[in-house]
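The values are calculated or read from the model by the stated rules, or taken from the named source; none is laboratory data. It should be emphasised that the depicted structure is a prediction, and the values quoted were computed from it without experimental measurement. Cβ: placed from backbone, ideal geometry, glycine included. Neighbour counts: every protein chain shown. For accessibility, only protein heavy atoms count, side chains too; no ligands or nucleic acids. Shrake-Rupley method; radii C 1.70, N 1.55, O 1.52, S 1.80 Å.
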Amino acid sequence: MNSKLLTSAAFAATLAASAATAQDPLKLGFVATFEGTYTLMGEESLRGFEMALDEIGQTAGGRPIEYVVASSDASPDSAVRAVRKLVEQDGVDIVIGPVSGSEGIAIRDYSKTQPGVTFINGISGAQSTTYQNPSDNFFRYNTDGAQWSAGLGEYVFNEKGYKTVATIGEDYSFIYTQVFGFALGFCQAGGEITERHWVPLGTKDFGSIIAALPDDVDAIYLGLGGGDAVNFLNQYQQAGGEANLIGGTIMVDPTVLSATGSAKNALIGVPSSAPQADNWENPKWQAFVKKYQDAFPPDKRFPFPALMSVGYYNATMAMSQCMDQIGGDLSDGHAALRACLSSIELDAPNGKIALDENRQAIGTNFLTEVVEMADGTLSNQVVKVIENVNQTLGMDPELFAKIGTPARDVPECKASYE
C-alpha cells in the first residue's frame, strides 16, 4: 500500500474517531445544597440548570447530555465529597456548581488535582475562589459577593443618609466578601461601621445577637440568607426591632422574600444590591422571567427567578455555547473548550458577562429596594444599573490587592485606601 493510501486511511480513521466522540454522551456533574440552611437555594439552582437543558434540547456540541446530581450542605467538606464522587466514581467530564462561598474555594482547590475535568461555578460568590490562587480549569460566570455590593455603600450614605452602620453576617467567606464590597463603598463615601457581628451558618437562636445590636446607629446591614435570614427576621420582629435595615444580596433574594409569615414585611423599603433585579424592564430579562414562571407550577418556584437559578442557567449556557462552537471535542485535556470558555461573551438574561484573566466574571450590578406588589408579594425594584463591574471594583489592582483578603475585620473602615 502506498503512502497516499496510508494517509487516506489514517485520515478516515481520524474522522471516524471524531464522529464517534461527537456522538458519545457528554457527562455533566451537578452539585448544589440540598441539605442544611441553604436547601431552598439548592432546589432553585436545579431549576436554572433544568431550564438551560430544556432550552438546548439536552444536547451540547452534538452530544447527548447525561448528568448526575450530587448534594452538599454549604460546608466545604460536603462539597468536596460530592464533587469527588462525581469525578472519581461517576466519571463526569464537566462539573457545574457549587452554591455557597466556602464550597467554591474548596472545589477550586480540588479542581487543581483533576486537570482532565472542567469546572464551571454555579453561583458561589467568595472573592478568594478566583482572585487568590485561581485554577486553570475553574471558570466563574457570576460576579462575586463584593461585586454584588458595588454601589450599595455609596447609595445608602448619599441617598439614605446613613452615616453609621453596624453589620451582622454569617461567619464564612461569602459574607466576608459581601461586607468587604459594602464597606469599601460606604467607608470611602464617609460612613463609619461601628460594630461587626458574626454568627455561625445555620444559627437558629439570634436572641443574644439581637440584644447586642447597638441603638445608636443609623442602620444595620444584614448579611444573612436562607433559613438564617428568616429566623433572624422572625426573632427581630418579636423583639420589637425597628432599626433601618440594609440587605445583603441573599437577605432580599426571592428565597427569603417568599417566606411564609409577616416578618419578611420588615424588608419593605430595604435597599440592597445584586447581579439581577426582579422588576428590571430589559426585554431579555423579562423573557427569562416568563420562561421561568412557565416552566414550573407556582407552588414549585418563586414569583421571580432567584439568584441561584440565574447563575446555574448562565453557567450551563456558557458550557453549551462553547461545546457547540468546538463541535463537542474534549480532546487534548479540554483545550478547545477552555479556550472558548475563557474568551466567550455571554449575552445573559441579567446582562453581558465576560471573563477576566482569572476566569472571573465582569458583569452588571443592580441597586434595588424591596417593594410590595399589588398581589402582596415582595420583589426587588431597580434603583440603578451599574455595568462592567470588575473584581477590583474599578480600583487600581495593586491598591486593591493591598487591602487584603475579605475576613471578619477586613477591610478596615477607612475614608481612603491609598
Filter pass, residue 40 being outside the structural domain of residue 225 (by TED's automatic domain parsing) and open to solvent by 40 Å² or more (accessible area, probe 1.4 Å): yes
Single unsatisfied condition, residue 199 versus (1) free of Cβ contacts under 8 Å to residues at least 40 places away in the same chain; (2) open to solvent by less than 20 Å² (accessible area, probe 1.4 Å); (3) over 22 Å from the mean Cα position of the chain (by Cα); (4) farther than 19 Å from residue 273 by Cβ: (3)
Test: residue in the range 235-245 that is more than 24 Å from the chain's Cα centre (by Cα), part of a loop (DSSP other than H, G, I, E, B) and among the acidic types (Asp, Glu): yes
Yes/no for residue 307 being at pLDDT 95 or above, crowded, with 18+ Cβ neighbours inside 10 Å, not assigned by TED's automatic domain parsing to the domain that holds residue 41 and not basic (Lys, Arg): no
Neighbours by Cβ (under 6 Å, 6+ apart or cross-chain): first from the range 145-163, open to solvent by less than 10 Å² (accessible area, probe 1.4 Å); second part of a loop (DSSP other than H, G, I, E, B) and polar (S, T, N, Q): 146/127
Filtered residue count, the range 123-136, keeping only those that are in a helix (DSSP H, G or I) and surrounded by fewer than 22 Cβ atoms within 10 Å (Cβ to Cβ): 2
Hey, residue 278 surrounded by 22 or more Cβ atoms within 10 Å (Cβ to Cβ) and in a loop (DSSP other than H, G, I, E, B) or not: yes
